[in-house]
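Student: My structure is below; once you've seen it, I'll send some questions.
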There are 6 protein chains.
Amino acid sequence: MYSVLAVGAHPDDIELGCGGALAAHRAAGDAVTMLVLTGGQNGPGSVAERAQEQEEAAAQLGAVLLWGHAVDCAITADAGTVSSVEQVIEAVAADVVYVHAPEDSHQDHRAVAAATVSAARRGPRVLHYQSPSTLAFRPSVYVDVAAHLDRKLAALACHRSQVHGSAMVDPEVVAAAARYFGAQARIRYAEAFTPARFVWDLGRIPAAAPGRVAVAPGQSAAPPW
Amino acid sequence: MYSVLAVGAHPDDIELGCGGALAAHRAAGDAVTMLVLTGGQNGPGSVAERAQEQEEAAAQLGAVLLWGHAVDCAITADAGTVSSVEQVIEAVAADVVYVHAPEDSHQDHRAVAAATVSAARRGPRVLHYQSPSTLAFRPSVYVDVAAHLDRKLAALACHRSQVHGSAMVDPEVVAAAARYFGAQARIRYAEAFTPARFVWDLGRIPAAAPGRVAVAPGQSAAPPW
Amino acid sequence: MYSVLAVGAHPDDIELGCGGALAAHRAAGDAVTMLVLTGGQNGPGSVAERAQEQEEAAAQLGAVLLWGHAVDCAITADAGTVSSVEQVIEAVAADVVYVHAPEDSHQDHRAVAAATVSAARRGPRVLHYQSPSTLAFRPSVYVDVAAHLDRKLAALACHRSQVHGSAMVDPEVVAAAARYFGAQARIRYAEAFTPARFVWDLGRIPAAAPGRVAVAPGQSAAPPW
Amino acid sequence: MYSVLAVGAHPDDIELGCGGALAAHRAAGDAVTMLVLTGGQNGPGSVAERAQEQEEAAAQLGAVLLWGHAVDCAITADAGTVSSVEQVIEAVAADVVYVHAPEDSHQDHRAVAAATVSAARRGPRVLHYQSPSTLAFRPSVYVDVAAHLDRKLAALACHRSQVHGSAMVDPEVVAAAARYFGAQARIRYAEAFTPARFVWDLGRIPAAAPGRVAVAPGQSAAPPW
Amino acid sequence: MYSVLAVGAHPDDIELGCGGALAAHRAAGDAVTMLVLTGGQNGPGSVAERAQEQEEAAAQLGAVLLWGHAVDCAITADAGTVSSVEQVIEAVAADVVYVHAPEDSHQDHRAVAAATVSAARRGPRVLHYQSPSTLAFRPSVYVDVAAHLDRKLAALACHRSQVHGSAMVDPEVVAAAARYFGAQARIRYAEAFTPARFVWDLGRIPAAAPGRVAVAPGQSAAPPW
Amino acid sequence: MYSVLAVGAHPDDIELGCGGALAAHRAAGDAVTMLVLTGGQNGPGSVAERAQEQEEAAAQLGAVLLWGHAVDCAITADAGTVSSVEQVIEAVAADVVYVHAPEDSHQDHRAVAAATVSAARRGPRVLHYQSPSTLAFRPSVYVDVAAHLDRKLAALACHRSQVHGSAMVDPEVVAAAARYFGAQARIRYAEAFTPARFVWDLGRIPAAAPGRVAVAPGQSAAPPW
């Protein structure tokens, strides 16, 4: 079992970026924690409303929800922010950390990406997710979300104030991106990530019955010369 | 269980690039096939000698060894090469393909990288490994080879004609690179890869006992506002 | 009026990559030529069938269709290919050239991209489009295809042998990508391009009535110091 | 008609980076606004002098001049700066935004680039211009300034305190760069830009008389098989 | 003789990144100054201890040691930091500046890299070195440290509080990286750098006896046509 | 003394790309060899004319001229080309190799860049120069050519058939680029290069009298805490 931590600047950021992967982690038996650093004070919707929406969304995803103390539009990647993320990483003993992509037009997203990469400096897996404001994104790591896209969209739908009030939050685009990234990954629906660092954990894959390869190990075909 | 295919231009390329990961795959119960596209006609050592060395190395790694029909220093990324790699990918139903990095000063390495990416175009995982002649390499995916470095070096040592005859094949550098990449991955010894495309297979990770996270899912900490 | 040339390796490549932009060019009064370099001998469908499909698709887009003499899966970026594309560029006096993106897992796509960039070396606008096999794509130039997506899909549908026979040709993905790129471009549906070289032709934009800016030119607000 | 906004950190930055393009926009009938965020308190020349110089330069370019309230060498890409640029973008309903390139050794230039990309997050066209302190610059979008280079140099010459007092402001380099970028663009003199996002507005190009292409649309040459 | 300045955020950063190159500079007769911007207040070891360690290390390298006034984990790339580095650059008339790489997970390293690039904006040589926390590093400039690796390790060993107290400071990794970079540089041990700007000073290389080339200048072999 | 080898596809390529640096090498006492791989059969001017022009240009630069056997527009980066360049590298014991940049719209330039990087795989210094057809160029290594620009232009002027017959060969652009790159390098005129691999040879710099730094080595300023 992995302990998975997803970090986002505002309510709804995590669902948009990696809600499907989080659902897939839960389905695989992993623990999932969401750390939302601000209350989204500047968006449409009151802070109370947004807190309620975020709690519903976390429940949809079967995730523990934690809140940071930063202020919307004023997050900085300073020692305080690094430390607050680091405390959560240690508290949940995170094996996998998901966070915003670093090249983003929203200053909060850039700051959260930088602070989280600092906070996770000793960990083996940091994956960057895309936001609607991400400027450049050339993913290479994918998670199959075909079985989890509905849940992602349901979690996103909990953010009523954003879905109705923000042009940037559009479930149609979320579904389109999942299909587009799915085609890149040679599957149907995918979420896409750029790895800051990803240690592929082969040991966790249980050995299954051998036999798909016709020639047995140690037994080699003759070279053609 | 995965079916893993490693593709290299010459005898010893695969061991240098991903011998530790192949050993890790075997230890995890995966099937491993090595496809060596040429007999290394131009290197030090006769073709017969090198074939023998390569067979010993494959046995060390517990891998099936297959040979391609290309000629050393004359591989091209044309339809014939693509097709020959593709046939092996299909024959072993490869889930994971390892191959040279595309930016390399050896023309054969560039050609094999390009042809294999073409051949694996429908597959979910293509990882590029480094060679001594790779020009630029900025890895983001790592495999822990701490338990497998000895075996990698043993497999490499089978290539006697190269270890003694080629300045490019130096076990000291192989061990140094494993330690350097290990530090990048926050572990002791690692092999490093650049992913052309990597679908992370969460479903294969068995659920373990829950409980590392103090707060239960669905139960959230109050926001601090 | 621009003379627009789109170059593709196989029947259907151009429609997939820039069919919407070509329709937009036609709607803006530009002349559009499609140069398909091979008959697609290796795909599903006979060459005669594919030629017929390509002609229907070109008619859908209101484009002149020209055929090259290259062979499917065997295109090389040599002087012959460069010269054949260059002749068409000169024949139609192309102001704008669309062509495959250079990083692609299909060897023909890579070759056509390279040869066309050579052939268009004196021209002011070369835009690379994405194919399903493109490996890395980080676009920055977009064309609004909201009014032209239906026509793009209609042109693509002409390629019956591919839509039914190739897993890589999927109208659902085409529509999803248009929506995804549209969100990137802050519009609804877009095609996306990476510019090799793009001279923005301001002189072609007709001057309209002034007045949107409250302060008149030459008249400046006082500095706040 | 476009409403064009150019944003710069200090008096003279805009002229150095995109003075020729602004002149070209004016010649094409577009409205042009310049937003200078600081008074250049730290450079050679008094603030009053520099304000006067900047006003003359704006008049040369036929542009409206607006001043921001930031302080030289102390601009930060925070919510206040973002908001102040955003207000101008909205006030002039900017269709095109020019701003510093993000990789620059001057901290103010980096901050203005980041804040403006945030402020323009909903707009279709953001082009980055080069400054003498830009660190890396690999342009792909060009504007022909052959007819406007004299005016650019005249606008730059208004900044007497800088041309005489700063080693970084050298009209000789400005002219050399225009010729160098012109060669890249296959024209004589150009300004060069890296697009953060550029929606090419085909609909604004008026249809002209058809006829340059010999074969009529819908009528296709026979394939050569 | 060059005047070389190395800038680092914390005690031990410079030794880790370019200690071997500094020793090589000293051996070549260059003057070397180290500017350490903070006392490393947050690491293991007291500030007094660390100051003592840093002085010993500077003595090992034959370098002048200067201290900045910044605070550990709170460095910002603002005008004050830029100015403090700039004063040292001017005081020592630095010809060569070594500093952290810009993509680093430690916020102080990023800030020092940015501030130093600003401070060195008029200088001809700025080389970025790697730290254990550097995120991406693709070096192209190397210095041969085969004769100086022992001294680098001796200087590093002076930082007793770090070598024993910080997992990030590991002499084994330092030696491994030197061997790995050495292989990249086609020598035995190297330090590796990414150049922000590097003017290669040919004039400083004294002319030696001619004769290695058989054909004399001006005398040309016949073309083979 | 260095042995410097410059490799180019056609007569005039080397002068355009690094003629100034070659003159600077000669002035520093280095031996310089030019290897021109084709006779430029396809350009304006007869092969005999171009051979004569190239010989005059080599004499201008004080360089030995060698000719390869490749054919204009048909160079491939195969083993034959690699081997022919490698033989020259070995014959002149090259310490420094200059060659085309790899991203270029001319197929010959791409092939020569790739083949030369292969041929120079054991050498410590490979620098890529720009051609008029180079597609992307982000240099970081510079050579001061202020004292050598006249000679570069004189060498280029020897290629009468190209200066008069090819739009791509324009001395005005050459001078403009030298000034533009000079500004980047913080000097007056420079040639610019991207390093494939550059070992900076500190040992060759003779020690000069110490004393520019006020504080003596080993003697450190007190930390400010």
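Student: Name the residue that is farthest from D:ALA178 (Cα to Cα), counting only residues in the stretch D:1-21 that are at pLDDT 95 or above and in a loop (DSSP other than H, G, I, E, B).
Tutor: Applying the first criterion (at pLDDT 95 or above) to the stretch D:1-21 yields D:2-21.
With the extra rule that they be in a loop (DSSP other than H, G, I, E, B), the set shrinks to D:2, D:9-12.
On the way: D:TYR2: 24, D:ALA9: 22, D:HIS10: 21, D:PRO11: 20, D:ASP12: 17 Å.
Across the stretch D:1-21, the extreme among qualifying residues is D:TYR2.
Student: Could you tell me how many of the residues in the stretch F:1-26 are more than 11 Å from chain E (Cβ to nearest Cβ) and more than 18 Å from F:GLU191 (Cα to Cα)?
Tutor: So in the stretch F:1-26, the residues more than 11 Å from chain E (Cβ to nearest Cβ) come out as F:6-10, F:12-19.
Adding the requirement that they be more than 18 Å from F:GLU191 (Cα to Cα) leaves F:9-10.
Final tally of qualifying residues: 2.
Student: Just to be sure before I move on: is B:GLN54 crowded, with 24+ Cβ neighbours inside 10 Å, at pLDDT 95 or above and more than 13 Å from the chain's Cα centre (by Cα) in the structure I sent?
Tutor: Here the answer is yes, as B:GLN54 does meet what is asked.
Student: On to the next question. Could you figure out which of (1) surrounded by fewer than 20 Cβ atoms within 10 Å (Cβ to Cβ); (2) not in a helix (DSSP H, G or I) isn't true of A:LEU35?
Tutor: With respect to (1) surrounded by fewer than 20 Cβ atoms within 10 Å (Cβ to Cβ); (2) not in a helix (DSSP H, G or I), A:LEU35 is out only on (1).
Student: Name the single residue that is surrounded by the fewest Cβ atoms within 10 Å (Cβ to Cβ) among those in the stretch C:170-186 being in contact with a helix residue (DSSP H, G or I) (Cβ under 9 Å, 6 or more places away or on another chain) and more than 9 Å from chain A (Cβ to nearest Cβ). Give the derivation first.
Tutor: Kept after step one, since they are in contact with a helix residue (DSSP H, G or I) (Cβ under 9 Å, 6 or more places away or on another chain), are these residues of the stretch C:170-186: C:170-183.
Filter again for more than 9 Å from chain A (Cβ to nearest Cβ), leaving C:171, C:174.
Values: C:PRO171: 13, C:VAL174: 23.
So, considering only residues that are in contact with a helix residue (DSSP H, G or I) (Cβ under 9 Å, 6 or more places away or on another chain) and more than 9 Å from chain A (Cβ to nearest Cβ), the one surrounded by the fewest Cβ atoms within 10 Å (Cβ to Cβ) is C:PRO171.
Student: Being surrounded by fewer than 22 Cβ atoms within 10 Å (Cβ to Cβ), over 25 Å from E:GLY123 (Cβ atoms), out of contact with any strand residue (DSSP E or B) (no Cβ under 6 Å at 6 or more places or on another chain) and modelled with pLDDT under 95: is that true of F:ALA167 here?
Tutor: Details: surrounded by fewer than 22 Cβ atoms within 10 Å (Cβ to Cβ): yes; over 25 Å from E:GLY123 (Cβ atoms): yes; out of contact with any strand residue (DSSP E or B) (no Cβ under 6 Å at 6 or more places or on another chain): yes; modelled with pLDDT under 95: yes.
Considered against the rule, which asks whether it is surrounded by fewer than 22 Cβ atoms within 10 Å (Cβ to Cβ), over 25 Å from E:GLY123 (Cβ atoms), out of contact with any strand residue (DSSP E or B) (no Cβ under 6 Å at 6 or more places or on another chain) and modelled with pLDDT under 95, F:ALA167 comes out as yes.
Student: Moving on to the next point. Considering only residues of the stretch B:95-113 that are touching a helix residue (DSSP H, G or I) at 6+ places or on another chain (Cβ under 9 Å) and without any contact (Cβ under 8 Å) to a residue 60 or more places away in the chain, which is farthest from B:GLU191 (Cα to Cα)?
Tutor: Filtering the stretch B:95-113 for residues that are touching a helix residue (DSSP H, G or I) at 6+ places or on another chain (Cβ under 9 Å) and without any contact (Cβ under 8 Å) to a residue 60 or more places away in the chain, the one farthest from B:GLU191 (Cα to Cα) comes out as B:GLN107.
Student: Please find, among D:SER131, D:SER166, D:SER161, D:SER140, the residue that is more than 17 Å from D:TYR189 (Cβ to Cβ), facing another protein chain (nearest Cβ under 8 Å) and not β-branched (Val, Ile, Thr). First the steps, then the outcome.
Tutor: Working: D:SER131 fails: facing another protein chain (nearest Cβ under 8 Å); D:SER166 fails: facing another protein chain (nearest Cβ under 8 Å); D:SER161 fails: facing another protein chain (nearest Cβ under 8 Å).
Unique residue meeting the criteria: D:SER140.
Student: Okay, next question. Considering only residues that are within 13 Å of the chain's Cα centre (by Cα) and more than 9 Å from every other protein chain (Cβ to nearest Cβ), which ones fall in the stretch F:143-158?
Tutor: Residues of the stretch F:143-158 within 13 Å of the chain's Cα centre (by Cα): F:143-145, F:152.
Selection gives F:VAL145, F:LYS152.
Student: Applying the selection to the stretch A:78-91, what residues are surrounded by fewer than 21 Cβ atoms within 10 Å (Cβ to Cβ) and more than 14 Å from chain B (Cβ to nearest Cβ)?
Tutor: Those that are surrounded by fewer than 21 Cβ atoms within 10 Å (Cβ to Cβ) and more than 14 Å from chain B (Cβ to nearest Cβ): A:ASP78, A:ALA79, A:SER83, A:GLU86.
Student: If I filter the stretch C:73-91 down to residues being assigned to a loop (DSSP other than H, G, I, E, B) and aliphatic (A, V, I, L, M), which single residue comes out as farthest from C:TYR129 (Cα to Cα)? Spell out the reasoning first.
Tutor: Taking the stretch C:73-91 as the starting set, the residues that turn out to be assigned to a loop (DSSP other than H, G, I, E, B) are C:73-78.
If we keep only those that are aliphatic (A, V, I, L, M) as well, we get C:74-75, C:77.
Working: C:ALA74: 21, C:ILE75: 18, C:ALA77: 18 Å.
Step by step, filter the stretch C:73-91, then rank; the result is C:ALA74.
Student: Further question: Quick test of your reading of the structure: B:GLU55 fulfils all but one of (1) farther than 30 Å from C:PRO132 by Cβ; (2) more than 9 Å from chain A (Cβ to nearest Cβ); (3) charged (D, E, K, R). Name the failing condition by number.
Tutor: (2)
Student: Could I ask something else about it? Out of the residues in the stretch B:27-42 that are within 9 Å of chain A (Cβ to nearest Cβ) and β-branched (Val, Ile, Thr), which is nearest to B:GLY17 (Cα to Cα)?
Tutor: B:VAL36
Listed here are the residues, each with its yes/no results for (1) in a loop (DSSP other than H, G, I, E, B); (2) touching a residue at least 12 places away in the same chain (Cβ under 8 Å); (3) farther than 30 Å from B:GLY80 by Cβ; (4) facing chain D (nearest Cβ under 7 Å).
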{"residue": "C:PRO44", "(1), (2), (3), (4)": "yes, yes, no, no"}
{"residue": "C:GLN60", "(1), (2), (3), (4)": "no, yes, yes, no"}
{"residue": "C:LEU66", "(1), (2), (3), (4)": "no, yes, no, yes"}
{"residue": "C:VAL71", "(1), (2), (3), (4)": "yes, yes, no, no"}
{"residue": "C:ALA93", "(1), (2), (3), (4)": "yes, yes, yes, yes"}
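Student: With respect to E:PRO44, is the statement that it is at pLDDT below 95 and more than 18 Å from E:ILE89 (Cα to Cα) true? Working first, answer last.
Tutor: Values: at pLDDT below 95: yes; more than 18 Å from E:ILE89 (Cα to Cα): yes.
Considered against the rule, which asks whether it is at pLDDT below 95 and more than 18 Å from E:ILE89 (Cα to Cα), E:PRO44 comes out as yes.
Student: Then there's this: So which residues in the stretch D:100-126 are farther than 27 Å from E:THR194 by Cα and either in contact with a Lys or Arg (Cβ under 7 Å, 6 or more places away or on another chain) or within 13 Å of chain C (Cβ to nearest Cβ) (or both), if there are any at all?
Tutor: Within the stretch D:100-126, the first condition is being farther than 27 Å from E:THR194 by Cα, and the residues that meet it are D:115-126.
Correct list: D:VAL117, D:ALA120, D:ARG121, D:ARG122, D:GLY123, D:PRO124, D:ARG125, D:VAL126.
Student: Right, next: Which numbered condition in (1) of a type in the set (D, E, K, R); (2) closer than 30 Å to F:GLN41 by Cβ; (3) in contact with a strand residue (DSSP E or B) (Cβ under 9 Å, 6 or more places away or on another chain) is the only one that C:GLU86 fails?
Tutor: Evaluating C:GLU86 over (1) of a type in the set (D, E, K, R); (2) closer than 30 Å to F:GLN41 by Cβ; (3) in contact with a strand residue (DSSP E or B) (Cβ under 9 Å, 6 or more places away or on another chain) leaves (3) as the failure.
Student: Step by step: first the residues of the stretch D:191-206, then only those that are out of contact with any His (no Cβ under 8 Å at 6 or more places or on another chain) and not aliphatic (A, V, I, L, M), then the one that is modelled with the lowest pLDDT. Which residue is that?
Tutor: Our first condition is that a residue be out of contact with any His (no Cβ under 8 Å at 6 or more places or on another chain); within the stretch D:191-206, this holds for D:191-192, D:197-201, D:203-206.
Now narrow it down to the ones that are not aliphatic (A, V, I, L, M): D:191, D:197-198, D:200-201, D:203-204, D:206.
Details: D:GLU191: 98, D:ARG197: 97, D:PHE198: 98, D:TRP200: 97, D:ASP201: 93, D:GLY203: 71, D:ARG204: 57, D:PRO206: 37.
Among residues in the stretch D:191-206 that are out of contact with any His (no Cβ under 8 Å at 6 or more places or on another chain) and not aliphatic (A, V, I, L, M), the one modelled with the lowest pLDDT is D:PRO206.
The values are calculated or read from the model by the stated rules, or taken from the named source; none is laboratory data. Quick caveat, the model's predicted, so the values are computed rather than measured. No Cβ is skipped: glycine too gets one built from the backbone with ideal geometry, and neighbour counts run over all protein chains shown.
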